[in-house]
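Read through the structure below, which is laid out as C-alpha cells, and then see the notes.
The values are calculated or read from the model by the stated rules, or taken from the named source; none is laboratory data. As the structure is a computational prediction, the values presented were derived from the model and not from experiment. In this analysis, Cβ positions are derived from the backbone assuming ideal geometry, glycine residues included, and neighbour counts consider all displayed protein chains. Only protein heavy atoms, including side chains, enter the accessible area calculation; ligands, DNA and RNA are left aside. Shrake-Rupley method; radii C 1.70, N 1.55, O 1.52, S 1.80 Å.
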Amino acid sequence: IADRELAVLKDQSNLTNILSSLGKQEEAYSLTRQIFTQFKRLRGLEDYNTLTTALNLANHLKHQRKYREARDLLEETVPIMRKVLGSHHCTISSIVTLADVMMACECVVPEDITERKPQAVSLETSRAAAKLYDEAYASSRRLFGDDHPETRDNRWRAEGLRKMFQEQGISLEPEAPHPT
C-alpha cells in the first residue's frame, strides 16, 4: 500500500505544478502542504521526494509572503539536503530561497501598521545571506559550470549583495567591524 500511496503523492506533486501554472496558487499551496506532510510521514525527512516537496512548499510560502514560515522550513531542511543530496539542484535552489526569505523576513513591513516605512536588514542577516549566496554560486559552478544560467544568476546574487553594501562602506565579511 505504501508504494501505491507514494505513486499517488508523486502524481499529486505534478498536479500542483499544473495548478500553479493555471494561477490557482492557493490550491497548489494547500495540496503541496498535504503532500509534504504525507511524504514526511511515509518516507521521513531524508527522502528525496520529501526534500523536493519542502522546496516547493517553501516557494509557495515565499510567494504568499509567509517568509517566516518558509525560513523555518528551510532552516530545518537545508542541512538535511546538504547531507543527503549534496550539491544537487534542489539543494542549491533551497539555499538561494533560504537567503531570499531571510532577507525578506526583515525587509517586509507588517500589514497591520498605519505608516509604511522601509525596514533595514541587519548586518548579521546580510552576512548570513551573503554566505548562503556564495555557497549557492560555488555549488552551481561545480555542478553546472560557469556559463550555465543558474550559475550566472547565483553569481549575480552573491556579487550584487556585496557590491550594494560596499557602496555604503560596509563589509559583509564576518571579521569586519560595523561602521559607526
Among the listed residues L42, L22, identify the single one that is open to solvent by less than 60 Å² (accessible area, probe 1.4 Å) and either of a type in the set (A, V, I, L, M, F, W, C) or touching a strand residue (DSSP E or B) at 6+ places or on another chain (Cβ under 6 Å) (or both). L42
I want to confirm something. Restricting to the range 27-49 and keeping residues that are free of Cβ contacts under 8 Å to residues at least 24 places away in the same chain and part of a helix (DSSP H, G or I), which single residue is farthest from the chain's Cα centre (by Cα)? R41
Quick check: anything in the range 21-28 more than 29 Å from S139 (Cα to Cα) and among the polar types (S, T, N, Q)? yes
Given (1) open to solvent by less than 70 Å² (accessible area, probe 1.4 Å); (2) over 25 Å from E106 (Cα atoms), L74 misses just (2)
Filtering the range 147-165 for residues that are of a type outside the set (K, R), closer than 16 Å to I95 by Cα and open to solvent by less than 70 Å² (accessible area, probe 1.4 Å) leaves a count of 5
